[in-house]
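All remarks here apply to the structure that follows.
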Amino acid sequence: MTAATDRAEKAAAAFAAPKGVPEYLPPDSAEFEHVRNTLIAAADRAGYGHIELPIFEDTGLYARGVGESTDVVSKEMYTFADRGDRSVTLRPEGTAGVVRAVIEHGLDRGGLPVKLRYAGPFFRYERPQAGRYRQLQQVGVEAIGVDDPALDAEVIAVADEGFTALGLTGYRLEITSLGDAECRPAYRALLQEFLAGLPLDEDTRRRAQINPLRVLDDKRPEVRAMMADAPLLIDHLSAASAEHHAAVKQHLDDLGVAYVENPRMVRGLDYYTKTTFEFVHDGLGAQSGIGGGGRYDGLMSVLGGQPLSGVGFGIGVDRTLLAARVEGLPIGDTARAEVFGVPLGAAARRRLVVIAAQLRRAGVRVDLAYGGRGLKGAMKSADRSGARYALVLGDRDLEAGTVGVKDLASGAQHAVALAGAVDELVGLLRGPAAADR
Ligand code: HAM
């Protein structure tokens with residue numbers, strides 16, 4: 001063993017990716033990218049502009065924006081002091097950052113709504129398990145500045161379009177309304193009164209005091225049984241919220257987007273008002289939420305902006321990929337190359353390096369066998385690359401001015417003139433018309 005491989009092995013034993021952080025390596029990374037890009041494309045088709053957000057922000061932004069009593073803020077944030085002694089936090093979600101950017105850059109002084117989409121990693125110190133990670137990937141949209149039920153329906157439909165474009169079918173959309181500043185305080189009092197009459201344990205009672213709505217979502221059978229007769233916000237909405245909710249559902253009906261009402265839905269972030277929704281996939285076990293979102297009428301003003309409303313979603317890319325796998329969907333092209341060059345000898349290598357460059361310029365993905373491997377090893381690499389064709393060039397071919405084109409699926413091989421090899425392969429891969437262009 002050389003000193004270099006010895007060192008490399010020691011390093012490999014010493015380091016591993018942080019706990020709960022998924023990595024996507026080839027060929028799976030192609031599937032991940034396909035899922036993310038398909039979700040982004042659905043947002044693009046509805047006119048959402050790209051915003052690239054900071055990965056970390058002032059800790060106060062999340063404390064104020066997401067809510068100090070939420071698990072996300074109180075237990076799950078990656079918060080640290082930077083070298084200038086500022087408290088910063090790795091973003092646990094995207095909405096607060098988008099709203100901060102809209103206010104800071106005055107985007108809300110232009111045409112409304114401001115429609116933005118983002119994609120990337122978010123960080124939550126959760127207990128890792130299948131589908132629950134400490135670095136999670138989302139694609140999200142936010143539409144800020146207009147309180148129109150048609151916009152809620154658009155946001156929901158964009159998410160639904162993204163899932164549909166991937167071919168997903170085994171999910172359902174759950175929606176409800178969390179009311180507004182008029183009806184929520186009265187409902188909260190009503191629920192608290194109901195909870196006070198129940199024999200709850202100390203822990204739950206404390207949780208109920210901070211946020212009584214959370215108890216509605218308690219999964220323990222004994223608590224569920226006690227909560228069966230609890231008053232529900234959906235039955236106590238203000239006239240404005242009820243009207244908004246009915247209009248959102250009407251738009252979803254018009255769009256043919258199926259939904260079920262879940263009046264016990266509780267979201268993990270505090271900023272929601274009126275429309276709230278979740279996309280749930282049944283094939284994922286406990287971590288079944290593949291996306292969620294809603295309207296947040298107070299967030300702009302809480303973060304120091306104009307009193308404008310907003311609505312948006314965050315879709316979990318990791319979980320959507322898991323769902324696509326559970327459904328056995330063909331997801332993305334995982335082949336690294338379409339053509340793989342197999343040079344047998346130094347002269348052949350010089351020629352294939354040039355042909356590879358020409359093919360790449362013509363838009364074909366090409367890889368080559370490097371490092372003087374024999375025919376067998378090189379053909380194995382060709383198969384692994386996922387290529388459809390191998391270009392096999394030996395010294396005798398060079399003398400004859402030809403190159404072997406091997407169809408890697410059927411194994412059939414034919415010789416073509418070296419001078420015409422690029423056109424031949426472009427024609428095989430893209431159709432004869434493309435080769436003439
Ligand atoms: P959220 O429901 O906290 O909403 O997250 C959105 C999605 O991110 C979830 O439905 C789930 O698919 C995925 N996700 C969340 N946590 C994890 C995790 N630990 N591991 C894997 N996936 C995860 C938000 O973040 C809001 N900002 C959405 C929004 C935008 N609301 C309005 N606008």
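The values are calculated or read from the model by the stated rules, or taken from the named source; none is laboratory data. Quick caveat, the model's predicted, so the values are computed rather than measured. In this analysis, Cβ positions are derived from the backbone assuming ideal geometry, glycine residues included, and neighbour counts consider all displayed protein chains.
Pairing each residue of segment 355-381 that is at negative phi with any residue that is aromatic (F, W, Y) and outside any loop (DSSP other than H, G, I, E, B), provided the two are 6+ apart or on different chains, yields C-beta distances under 8 Å for V366/F340; D367/F340; L368/F340; A369/F340; S381/F340. On the basis of being more than 10 Å from the ligand (Cβ to nearest atom), exposed (fewer than 15 other Cβ atoms within 10 Å of the Cβ), modelled with pLDDT of 95 or more and not in a loop (DSSP other than H, G, I, E, B), does G162 make the cut? Judged against the criteria, G162 is not a match. Taking the criterion of being acidic (D, E) and part of a helix (DSSP H, G or I), the residues of segment 214-245 that qualify are D217, E222, D229, D235, E243.
I331 passes every criterion in (1) in contact (Cβ under 8 Å) with a residue 60 or more places away in the chain; (2) crowded, with 21+ Cβ neighbours inside 10 Å; (3) in a helix (DSSP H, G or I); (4) among the aliphatic types (A, V, I, L, M) apart from (3).
Taking the conditions exactly as written (of a type outside the set (D, E), assigned to a helix (DSSP H, G or I) and either within 12 Å of the ligand (Cβ to nearest atom) or crowded, with 18+ Cβ neighbours inside 10 Å (or both)), does V280 satisfy them or not? Full working, then the answer.
Details: of a type outside the set (D, E): yes; assigned to a helix (DSSP H, G or I): no; either within 12 Å of the ligand (Cβ to nearest atom) or crowded, with 18+ Cβ neighbours inside 10 Å (or both): yes.
The answer is no for V280.
Looking across segment 300-316, the residues that are assigned to a strand (DSSP E or B) and either more than 30 Å from V280 (Cβ to Cβ) or not hydrophobic (A, V, I, L, M, F, W, C) (or both) come down to G310, G312, G314, G316.
Which one of the conditions (1) closer than 28 Å to R45 by Cβ; (2) more than 10 Å from the ligand (Cβ to nearest atom); (3) not in a helix (DSSP H, G or I) does G179 fail to meet, given that it meets all the rest? The number of the failed condition is (1). Among the conditions (1) near the ligand (Cβ under 10 Å from one of its atoms); (2) assigned to a loop (DSSP other than H, G, I, E, B); (3) more than 13 Å from G316 (Cβ to Cβ); (4) touching a helix residue (DSSP H, G or I) at 6+ places or on another chain (Cβ under 9 Å), A143 misses just one, which is (2). Considering R373, R336, R319, the condition of being crowded, with 21+ Cβ neighbours inside 10 Å and either under 28 Å from the mean Cα position of the chain (by Cα) or in a loop (DSSP other than H, G, I, E, B) (or both) is satisfied by R319 alone.
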